[in-house]
Amino acid sequence: RTSGGKTAPLALILRYNVNEDPEQPEKTTAYLVVTKITAKEICVTDVVDPVPKANEKARVLADNAADTACKSAP
């Protein structure tokens, strides 16, 4: 986002590799985690499951992250 002539990030997308089966530690599932970055808060807004076009979905979610509520901790 550009504001006042300065460019500032508004979201971060990161790939989170999770081992969900202790019997198969080499097998992981890759999730995309969208984090919003605003002056008021930094938090996770969305988690994208490994689906076709997951990267594109995460980018759309990141573009809208500033207006998305933070996820609650489980």
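The values are calculated or read from the model by the stated rules, or taken from the named source; none is laboratory data. Given the structure is predicted, the values throughout are model-derived calculations rather than measurements. Quick reminder, even Gly has a Cβ in these numbers, built from the backbone with ideal geometry, and neighbours come from all protein chains shown. These area figures cover heavy atoms from the full protein model, side chains too; ligands, DNA and RNA do not enter into them. Shrake-Rupley method; radii C 1.70, N 1.55, O 1.52, S 1.80 Å.
Quick notes on this structure:
- Residues of segment 52-74 satisfying the condition of being at pLDDT 95 or above, out of contact with any strand residue (DSSP E or B) (no Cβ under 8 Å at 6 or more places or on another chain) and in a helix (DSSP H, G or I): GLU56, VAL60
- ASN64 being open to solvent by 80 Å² or more (accessible area, probe 1.4 Å), in contact with a Ser or Thr (Cβ under 6 Å, 6 or more places away or on another chain) and not β-branched (Val, Ile, Thr): no
- Enumeration of residues in segment 1-40 that are part of a strand (DSSP E or B) and surrounded by 14 or more Cβ atoms within 10 Å (Cβ to Cβ): ALA11, LEU12, ILE13, TYR31, LEU32, VAL33, VAL34, THR35, LYS36, ILE37
Yes/no per residue for (1) among the aromatic types (Phe, Trp, Tyr); (2) closer than 19 Å to THR2 by Cβ; (3) without any contact (Cβ under 8 Å) to a residue 24 or more places away in the chain:
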site: THR35; (1), (2), (3): no, no, no
site: THR45; (1), (2), (3): no, no, no
site: PRO50; (1), (2), (3): no, no, yes
site: ALA54; (1), (2), (3): no, no, yes
site: ALA58; (1), (2), (3): no, no, no
site: ASP63; (1), (2), (3): no, yes, no
site: ALA66; (1), (2), (3): no, yes, no
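- Residue list for segment 1-27, restricted to those being β-branched (Val, Ile, Thr) and within 18 Å of the chain's Cα centre (by Cα): ILE13, VAL18
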